[in-house]
Structure formats: structure tokens, C-alpha cells
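Just below is one structure, and these are the notes that go with it.
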Amino acid sequence: MKFLIIRFSSIGDIVLTTPVVRCLKEQVSDAEVHFLTKRVFAPVLEANPYIDKLVLLNDSWELMMHQLQSEKYDYVIDLHRNLRTWRVKRGLPGAQKFSFHKLNASKWLLTALKINLLPPVHIVDRYLNTVRSLGVVNDERGLDYFIPVRDQVKQQDLPASHWFGYIGVVIGAAHNTKKLPVHRLQELCRHLNYPVVLLGGKEDEAAGSEVASIDPIRIYNACGRFSLNESADLVRKAKLIISHDTGLMHIAAAFGRPVLSAWGNTVPAFGMWPYYGSTKPAPLNEVFEVKGLWCRPCSKIGYDRCPLKHFKCMEQQDVLRMAQVAMEAVIR
């Protein structure tokens with residue numbers, strides 16, 4: 001049987017679909033699994049051995065649809081469920097369709113009226129419910145992330161001061177209201193008496209330079225210097241990861257790394273906290289959030305700036321305790 005799984009974006013969301021890919025491939029006899037995503041996110045999946053073919057959203061929609069139609073899929077598993085995936089499914093009339101239930105109404109109630117009707121279930125299990133009728137069950141092995149050999153970071157690519165271990169601090173996120181401000185990141189890193197590698201994209205390079213300026217020897221700014229897979233490898237090799245609610249947090253969980261996560265405008269109740277499965281002992285996984293703010297969560301995604309201009313969800317984060325927990329973990 002031939003399956004097409006669809007998830008166009010983003011990094012973390014795609015990583016969270018990997019248990020579906022693996023369980024489908026291993027539990028359905030002779031399953032051929034294809035995955036459709038945006039070209040920019042191809043590195044997340046290109047080395048995944050459970051994917052038989054990676055299909056990329058092209059500049060030409062017609063060319064992409066012609067490619068998909070020629071595959072004659074038996075099943076389409078839509079784990080994104082938006083207008084674009086609806087168009088894909090409409091163009092594949094011969095396939096049986098299964099679509100993820102996004103619970104948008106419940107998310108709106110939580111963000112707009114602070115009424116929480118969301119089930120206390122991780123999104124991984126909700127993704128897997130999409131294929132439950134096919135006899136696919138959660139194998140509890142957690143998330144997958146595979147790094148090609150060419151993208152593995154060599155020791156000499158890091159300062160010698162970081163060769164024997166470091167704490168990875170993910171300073172980036174898709175939206176500013178998910179990120180600790182620079183001065184709070186500086187305060188956090190001042191209290192991490194351990195080598196630190198700052199992780200993020202090119203857009204985080206300037207902020208990383210500001211943070212690293214408080215101790216340029218102990219704090220290495222890797223933002224913008226490494227590709228996505230190379231950054232994932234730095235996450236894999238870290239003693240511990242401190243992260244916002246972002247893709248590298250989920251990649252850290254895929255590698256079984258201890259994670260301290262700082263939450264701003266989003267909340268774990270959306271079902272996207274670090275996910276480890278249950279076949280191995282779970283590492284340290286502690287959530288840091290400012291309790292009692294009537295305005296949280298203000299968005300299921302995020303904003304460029306706090307709508308109320310006080311940004312208490314990040315300004316009031318207990319970074320001293322965050323640093324203390326991190327240090328206790330790495331010096332054991």
C-alpha cells in the first residue's frame with residue numbers, strides 16, 4: 001500500500017509527525033511511505049529511513065500535482081489540514097483520506113476566553129489517532145531525527161573550551177513573543193557557570209552577539225553559522241538544552257537530551273511539550289512559565305511584540321532557578 005503523509009511546516013511540527021511515519025512503515029505490511037512538505041524543510045526529513053520518497057512543494061503547483069497523481073496513492077494522511085492540503089486531497093480522488101483534527105475551536109476558546117477544553121493529550125498521540133483505523137498504534141519510542149554524515153559537526157568547528165561539554169541555549173523562535181529578551185538571556189547565561197553554545201538562525205545572530213558579549217570565551221554564538229542539520233547535531237551533543245517553544249526543543253527531545261523549556265505566549269496545554277515516549281527512562285524535562293497571568297496564552301502561534309506591551313510572560317521568567325536546575329543537572 002502506498003501512503004502520502006502531508007505536513008508542510010514547520011520544523012517542530014514536522015518532527016512531531018515522525019512517530020506516525022515510523023509506526024506506519026513498521027506496522028503496515030509492505031507500506032510505501034511518501035512525505036509531502038515545503039522545500040525549505042527538506043533537511044528535517046531527508047535522512048529519515050522510514051520515508052521511501054520525499055516530495056517537495058514546488059514553485060509549480062501543477063507540476064507537483066502531476067507528480068503526486070502519477071503515484072496513485074492508496075491513502076493520504078493529512079497532518080496539516082489547511083486550504084492547501086485540501087487542494088492536494090481534492091486532486092487525488094482515488095485515494096482514501098484521513099485528516100488530523102486540529103481542535104481550532106478549543107484553541108480559540110483558550111486564547112480568547114481562557115476556557116480550556118483541550119484534552120490533556122500530546123499532539124503526537126493526536127497525530128497517531130489519525131491512522132488508528134489502519135491498526136497503527138503508538139510504539140512509545142518517541143520522536144525521530146536523522147542527521148546525514150555530511151552535516152555532523154566536527155570537534156574543531158567549536159572552540160576548544162567547549163570540546164568537553166556545553167549547555168545549548170536556543171535563543172531563536174518563529175515569533176518574538178516566544179523568546180526571552182536579550183537582557184534576560186544575558187542574565188541566564190551569567191549564572192550558567194559552564195560553557196554555553198547559543199543556537200539559532202541567521203536572524204538571531206545579532207542577538208546572539210549581544211548575549212555572548214558578557215563572556216565571549218565561555219559563551220559561543222553559533223547562531224547563523226551552522227545549517228539546520230548542523231545545529232541539530234550541536235543539540236544532540238549538548239549536555240543539556242535550554243529552549244523556547246520552538247523546533248530545536250523538539251529535536252532535543254528526539255535525541256533524548258534533557259530540556260528546560262521557557263514558555264511565553266504559548267502554553268504546554270496546546271499539547272506540544274517535549275515528547276520522549278516511554279520505552280526509555282525520560283531525561284530531565286522541566287517547563288518554566290509564569291503562572292497566574294490572565295493574558296496567557298494570547299496566541300496559539302505568536303506575535304512580533306506583546307499585545308499588552310508588558311511582556312510579563314517572559315520578563316518575569318525565573319532565569320536564576322533555570323540556571324540553577326541546569327547547573328545541577330550537568331555537574332552530576
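The values are calculated or read from the model by the stated rules, or taken from the named source; none is laboratory data. From a predicted model like this one, the values you see are computed outputs, not experimental measurements. When we count neighbours, we look across all protein chains shown, and the Cβ atoms used for this are built from the backbone with ideal geometry, even at glycine. Each accessible area value is taken on the protein alone, full model and side chains, heavy atoms only, with ligands, DNA and RNA left out. Shrake-Rupley method; radii C 1.70, N 1.55, O 1.52, S 1.80 Å.
The conditions are (1) more than 26 Å from the chain's Cα centre (by Cα); (2) touching a residue at least 60 places away in the same chain (Cβ under 8 Å), and Gln96 fails exactly one of them. Which is it?
(2)
Looking only at residues that are in contact with a Lys or Arg (Cβ under 9 Å, 6 or more places away or on another chain) and over 28 Å from Arg150 (Cβ atoms) in the stretch 201-219, which one is surrounded by the most Cβ atoms within 10 Å (Cβ to Cβ)?
Out of the qualifying residues, it is Ala207.
In the stretch 220-255, what residues are more than 19 Å from Pro195 (Cα to Cα), touching a Pro at 6+ places or on another chain (Cβ under 6 Å) and open to solvent by 10 Å² or more (accessible area, probe 1.4 Å)?
Leu228
For residues that are touching a Cys at 6+ places or on another chain (Cβ under 9 Å) and surrounded by fewer than 16 Cβ atoms within 10 Å (Cβ to Cβ), tally how many sit in the stretch 182-200.
Residues flagged as touching a Cys at 6+ places or on another chain (Cβ under 9 Å) and surrounded by fewer than 16 Cβ atoms within 10 Å (Cβ to Cβ) within the stretch 182-200 amount to 0.
Filter the stretch 134-150 for residues that are within 20 Å of Ala31 (Cα to Cα) and either of a type in the set (A, V, I, L, M, F, W, C) or open to solvent by less than 30 Å² (accessible area, probe 1.4 Å) (or both) and give the result.
Residues satisfying the conditions are Leu134, Val136, Val137, Leu143, Asp144.
If I ask for residues that are among the aromatic types (Phe, Trp, Tyr) and open to solvent by 30 Å² or more (accessible area, probe 1.4 Å), which ones from the stretch 104-133 would you list?
From the stretch 104-133, those among the aromatic types (Phe, Trp, Tyr) are 108, 127; that's our starting set.
The answer is Trp108, and nothing else.
Within the stretch 287-331, which residues are outside any loop (DSSP other than H, G, I, E, B) and either on the phi > 0 side of the Ramachandran plot or open to solvent by less than 40 Å² (accessible area, probe 1.4 Å) (or both)?
Within the stretch 287-331, Phe288, Cys313, Met314, Val319, Met322, Ala323, Val325, Ala326, Met327, Ala329, Val330 meet the criteria.
What are the pairs with Cβ atoms under 7 angstrom where one residue, in the stretch 121-133, is among the polar types (S, T, N, Q) and the other, located anywhere, is buried (at least 17 other Cβ atoms within 10 Å of the Cβ)? Sequence gap at least six, or different chains.
Listed pairs, sorted by first residue: Thr130/Ile77; Thr130/Leu79; Thr130/Phe98; Thr130/Phe100.
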